Amino acid sequence: MGEFCMPSLGADMEAGTLVEWMVKPGDRVRRGDIIATVETQKGLFEVENYENGVVQELLVQAGTEVPVGTVLARLSSEGMAPPAAPSVPGPAVAVAVPAATEPAVKPAPEVPPLPPVSAPKRVPISPSARKLAAELGVELGAIRGGGPHGAIERADVERAAQEKKAAVQAPGPPAAEKPHPVDYQSGMRQAIAAAMSRSNREIPHYYLETTIDMSAALRFLEGENLKRSIKDRILPAVLLLKAVARALAQTPELNGFWIDNRHQVQESVNLGFAISLRQGGLIAPAIHNVDLLSLDELMAATRDLITRTRSGHLRSSEMTDATITVTNLGDLGVDTVYGVIYPPQVALVGFGRISERPWAENGMLGVRRVVTATLSADHRATDGHRGSLFLEALNRHLQNPEQL
Amino acid sequence: MNGEEQKVRTTYREAVREGIREALKKDERVFLMGEDVGHYGGCYATSKGFLQEFGPERIRDTPMSELAFTGAGIGAAMGGMRPIVEIMTVNFSLLALDQILNNAATLLHMSGGLFNVPLVIRMATGAGRQLAAQHAHSLEGWYAHIPGIRVLAPATCEDARGMLWTALEDPDPVLIFENQTLYPMEGELSVSAGAVDIEHARVQREGRDVSIITYSASLYKALAAAETLAAEGVSAEVIDLRTLRPLDDATILASVARTHRALIVDEGWRSGSLAAEISARIMEQAFYELDAPVERVCSAEVPMPYARHMEQAALPQAETIVAAVKRMVHANG
Amino acid sequence: MKKKLPHSTADREHGLRLLQQMLLIRRFEEKCAELYTATKIRGFLHLYIGEEAVSVGVMATLAPDDAVVATYREHGQALARGVSPGALMAEMYGKQEGCCRGRGGSMHIFDAATRFYGGNAIVGGGLPLVIGLALADKMQGRRRVCCCFFGDGAVAEGAFHESMNIAALWQLPVLFVCENNLYAMGTRINLAQSVTDLASKVSGYAVKSEAVDGMDVLAVEAAAKQAAEFVRQGKGPYFLECRTYRFRAHSMFDAELYRPKEEVEEWKKRDPIVLLCDYLRKEEILSDADLERSENEAAREVEAAVAFAEAGTFEPVEELTRFVYSDRRTG
Amino acid sequence: MTDAQLKEMVFRGLRQIAPEADPTLLLPDENIRGALDVDSYDFLQFLIAISEETGVEIPEADYQKVFTLAGLFAYLSAALAKKPS
């Protein structure tokens, strides 16, 4: 079933008004036929069809303005003998551009208000003089500024230091204590603290756990990676991310938010990928539309995201768009992770270490490389049965890695 | 003689001419192209006698088509030559700015690294000869804004003689600006003078109280100002930038860290000038070394007038430099 | 009215190859239009549909080490010159597997192997470049043709007049190919040129010139062969005006308010591909099976190009400043 | 590539992925990833850097052999000895 969408006719075209349909339901259309006219700020355009088929349904009447990508009509391809030249199976015309609905408004995490600053009378002082005063342990209040508008300059500080030394004759100036390093983490630490405590306060967590045999998945991955140069090698974590995205198709209610006591399931699958920062602290920016990405695209997106996270170049959308978070502590040798959900999301998937463990199967005992996958979920939005369906689907996808 | 290098008297013009001549002799891919470079011997006589010595193939007079012969220089460079394009003055280079910006500076990056443009373009620049507004621009700062090209401003005979060869060896386009008032300037060159580095600025005069940062013809006004200030107990350091892109931040910042004051002298107009860029970099990277705001002495923001007294009033002068430094240093009352 | 075509005898393979090249360009450009509406290709996109005979006819007469400089409507030149469709499509997808790592896009296609010195988005911007390339060849004693494609719009630019004069003055080996498609974006030629017969217009520069029917690939090829030979023998520049027409808008976002639909339909009757097919059928060179094979071949190449582009990857942002200066130099 | 160059290259690569750690303190048979708190992503970047410098692409199956400095050096010198210089 093909979809005919409002085409983008120019780099700066946001929307178009459908002026007139040139076809009606039941009409046969071929590649290259003009099936509608569209009005944009640049003028009237004849819009070309790209898929052979039969018009099933016109979804938008003449005269309405819709954003680029909106589905205008449905075409079916049955009843059409394939043309002599095979129709080029180029990408489906209808790109599933997520309808530009208003993203649900997410309340900003509370940040404690800044304490009011009492404003002492500001003494103008040159930066160099301020630094020198600190080095020489000279009190700024004690210096008379000789610069413009009474500004304090190096000369003033040097003179004050001389006077102080002469007056006190104390043994050597006091050692300037080492300025304590500013803890740049404090901002991030506060934000994490606020989110986590709100999560525990408001979200009734339930936890589910399952152990997944990773042999098939890892064998597949090792095979795939041998075909690729090391630069394009795919990490096991990427396989797990893709499996989570695919499993969510079975239980879409785990992919979304709980806001104003309403469960808001999201259509696009944006996985929050927990990345640890070397100096401590953790950020879980979103990888968008993981369900639409191939393994190679997902690996590239992950690599780009980690690099930009570590260099502090994240986009605001990546900080707020995650619809579910995945935390993978496999590197640190932890078997099981019972994670805390990032509000307002309604679920969090955790993966522990991939390790060799004894495995019993149809009466035989063997050794398999396994991983423990856990689901923390918000009991207001889903219940254990749906959670276990998700984990079961996750396991099934990892047993058929080729389809990921 | 304590084995000190044997020196010879010369002029800036002669040094430029020798630089071109040496390049033409050392590499047969090198050729000179521009208006009146051949039969006329060069508008500033920097290629006098070359037509006879090297012939019309390598000393090419061009029609008055700055855009086309500059573009031809770019094409020839891509075709394996090492052209020296002479645009008579920066004032006429505005016609060729499209080729310089959209082709020369951009091709390597836009083609994903496929094509280099090993081209040198020389232009006269600056005011001071009563040539009035259309022939007295100082637009090096514009070109120093463009990623993909290098911009040089030789102030001394040594640099006028030695920068060209290093520029010709550079795989990327290099622009060399020669202030027209410098051509008759006398100076000394060692007999074995040759190629010089084009990456670093140079401290021309050491000092403790202020760093005067400048380039090209303004260098000599700054040195004159420094002498006057010395007599009044103010020790001024003078830095010759030599390269306007990339700027040698290290030398600039090291100097400011010593003197805690910076004055930039730039013949361009103040707004959006190269001086503005240098001032911003000092504020960004040496803020805690500053004991006074960074000052700038630039040309007055007027079209350059013809009358001599008016033109001199518009241009940076040693006196204005001295006044600015005094303000910064004696601000202490 | 029987279309009169020059009777130069194209042998069977040569005729089919010309057809194959034109078909590839036509299907490639149609796919670009589709991908643009699906937001896979962005920015500006100028399609070559209708002018295929010019690039295919001229490229057939150029040698591998001749140089080519073109404009922003250069997909036809690039494909006819041998740039891989995959590298071209990936470039428009902004992927680093593109011919310029995704940095140039549709208007700035470059290729070192085929000495394709680019698309150029400044009207007339390539003309000074080509005379420089020709000057380098001449000074180094190489017998090569430097071929430059440009439109009737460029004829109004200063760069054109300055370049024509220098090319004639210094007798440079330049083949100027003017694709006169009657419109400079939205300005018809009679509203832009005092003399619209461009071939005769350039006689003022003492440059050998000729006009040819730009819809007839065999005519273009014959004229281009003669022109290229003239230039290769060092007899100086040659100006070949190809009178052609573009069937699609100037670019993707152009409502074509400036030209009547009837005029477009009239020119479509002389579609260069249809003209060649009619001729080859009349000469019993082309069978229906040949045409179908050719269509399938074109479809396969376009499909492969799209797949290559889809599978491409994005250049890491860390490479942003690479190639601003040469790696050897950047400190 | 001499042993000294190999050592210098490996340490440079380790400093790249663990800037604040000091790789020279690593014992020959200590687990690099554990000691320097290096996750699988960073370890892959490290191997990519090594492959760019030496041309040796270490397959996943051999990861076990290169978790320690001693193992890594032995593996690389063996691989380099086999490769035609």
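The values are calculated or read from the model by the stated rules, or taken from the named source; none is laboratory data. Just so we're clear, the structure is a prediction, and the values are computed from it rather than from any experiment. Cβ coordinates were reconstructed from backbone atoms using ideal geometry, including for glycine residues, and neighbour counts include every protein chain displayed.
When residues of the stretch B:3-48 are filtered for being part of a strand (DSSP E or B) and surrounded by 23 or more Cβ atoms within 10 Å (Cβ to Cβ), how many remain? Count: 4.
Pick from the stretch B:249-307 the residues that are hydroxyl-bearing (Ser, Thr, Tyr) and within 11 Å of another protein chain (Cβ to nearest Cβ): which of them is farthest from B:SER138 (Cα to Cα)? Ranking the candidates gives B:TYR288 first. All of D:GLU53, D:GLU20, D:GLU60 fail the test of being surrounded by 13 or more Cβ atoms within 10 Å (Cβ to Cβ) and at the interface with chain A (Cβ under 10 Å from one of its Cβ atoms), apart from D:GLU60. Please enumerate the residues belonging to the stretch C:113-133 that are over 17 Å from C:HIS46 (Cα atoms), within 7 Å of chain B (Cβ to nearest Cβ) and outside any helix (DSSP H, G or I). Matches in the stretch C:113-133: C:TYR117 only.
Considering only the stretch A:1-29, state which residues are modelled with pLDDT of 90 or more, surrounded by fewer than 16 Cβ atoms within 10 Å (Cβ to Cβ) and not in a strand (DSSP E or B). A:MET22, A:LYS24, A:PRO25, A:GLY26, A:ASP27, listed by residue number. Across the stretch C:161-203, what is the number of residues that are on the phi > 0 side of the Ramachandran plot and more than 20 Å from the chain's Cα centre (by Cα)? Qualifying residue count, the stretch C:161-203: 1.
Go through the stretch C:134-146 and give me each residue that's at the interface with another protein chain (Cβ under 7 Å from one of its Cβ atoms) and assigned to a loop (DSSP other than H, G, I, E, B). If the condition is that a residue be at the interface with another protein chain (Cβ under 7 Å from one of its Cβ atoms) and assigned to a loop (DSSP other than H, G, I, E, B), then C:GLN140 is the only one that fits. Looking across the stretch A:252-279, the residues that are out of contact with any helix residue (DSSP H, G or I) (no Cβ under 6 Å at 6 or more places or on another chain), within 14 Å of chain D (Cβ to nearest Cβ) and within 20 Å of A:GLY350 (Cα to Cα) come down to A:PHE273, A:ALA274, A:SER276, A:LEU277. Annotation note: of C:ASP213, C:ASP197, the sole residue that is acidic (Asp, Glu) and surrounded by 18 or more Cβ atoms within 10 Å (Cβ to Cβ) is C:ASP213. Considering the stretch D:23-32, and only residues there that are surrounded by fewer than 18 Cβ atoms within 10 Å (Cβ to Cβ) and out of contact with any strand residue (DSSP E or B) (no Cβ under 8 Å at 6 or more places or on another chain), the residue that is modelled with the highest pLDDT turns out to be D:LEU27. Take the conditions modelled with pLDDT under 80, of a type in the set (Gly, Ala, Ser) and over 30 Å from A:GLU65 (Cα atoms) and apply them to A:ALA170. Does it pass? Yes: the conditions hold for A:ALA170. The residues of the stretch A:259-295 that are out of contact with any Lys or Arg (no Cβ under 8 Å at 6 or more places or on another chain), part of a strand (DSSP E or B) and not hydroxyl-bearing (Ser, Thr, Tyr), listed by number, are A:ARG262, A:GLN264, A:VAL265, A:LEU271, A:GLY272, A:PHE273, A:LEU282, A:ILE283, A:ALA286, A:ILE287.
Within the stretch C:30-57, restricting attention to residues that are touching a helix residue (DSSP H, G or I) at 6+ places or on another chain (Cβ under 9 Å) and of a type in the set (D, E, K, R), which residue is farthest from C:MET89 (Cα to Cα)? It comes out as C:GLU51. For the stretch A:392-400, state whether one or more residues are closer than 11 Å to A:TYR207 by Cα and either at pLDDT below 90 or over 22 Å from the mean Cα position of the chain (by Cα) (or both). Checking the stretch A:392-400: not a single residue is closer than 11 Å to A:TYR207 by Cα and either at pLDDT below 90 or over 22 Å from the mean Cα position of the chain (by Cα) (or both).
Is at least one residue of the stretch C:226-248 within 14 Å of chain A (Cβ to nearest Cβ) and farther than 30 Å from A:THR307 by Cα? Yes, the conditions are met somewhere in the stretch C:226-248.
Residue-wise test of (1) at pLDDT below 95; (2) of a type in the set (Val, Ile, Thr).
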site: B:GLU5; (1), (2): yes, no
site: B:GLY19; (1), (2): no, no
site: B:TYR40; (1), (2): yes, no
site: B:THR70; (1), (2): no, yes
site: B:ALA76; (1), (2): no, no
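Residue count for the stretch B:217-273 satisfying the condition of being under 16 Å from the mean Cα position of the chain (by Cα), in a helix (DSSP H, G or I) and of a type in the set (Gly, Ala, Ser): 2.
Scanning the stretch B:224-238 finds one or more residues that are touching a Leu at 6+ places or on another chain (Cβ under 8 Å), closer than 21 Å to B:ALA144 by Cβ, in the same structural domain as B:TYR288 (by TED's automatic domain parsing) and touching a residue at least 24 places away in the same chain (Cβ under 8 Å).
Quick one: which residue in B:ARG308, B:ARG281, B:ARG327 is modelled with pLDDT of 95 or more and either outside the structural domain of B:ILE146 (by TED's automatic domain parsing) or in contact with a strand residue (DSSP E or B) (Cβ under 7 Å, 6 or more places away or on another chain) (or both)? From the options B:ARG308, B:ARG281, B:ARG327, the qualifying one is B:ARG281. Restricting attention to the stretch A:30-45, the residues that are more than 8 Å from every other protein chain (Cβ to nearest Cβ), surrounded by 16 or more Cβ atoms within 10 Å (Cβ to Cβ) and part of a strand (DSSP E or B) add up to 5. Sub-7 Å Cβ pairs linking a first residue in the stretch A:15-38 that is on the phi > 0 side of the Ramachandran plot to a second residue that is surrounded by 16 or more Cβ atoms within 10 Å (Cβ to Cβ) and in a strand (DSSP E or B), at least 6 apart or interchain, are A:GLY26/A:VAL54; A:GLY26/A:VAL55; A:GLY32/A:GLU48, ordered by first then second residue.
None of A:ILE234, A:ILE341 is part of a loop (DSSP other than H, G, I, E, B), among the aliphatic types (A, V, I, L, M), farther than 22 Å from D:ASP37 by Cβ and within 16 Å of the chain's Cα centre (by Cα) except A:ILE341.
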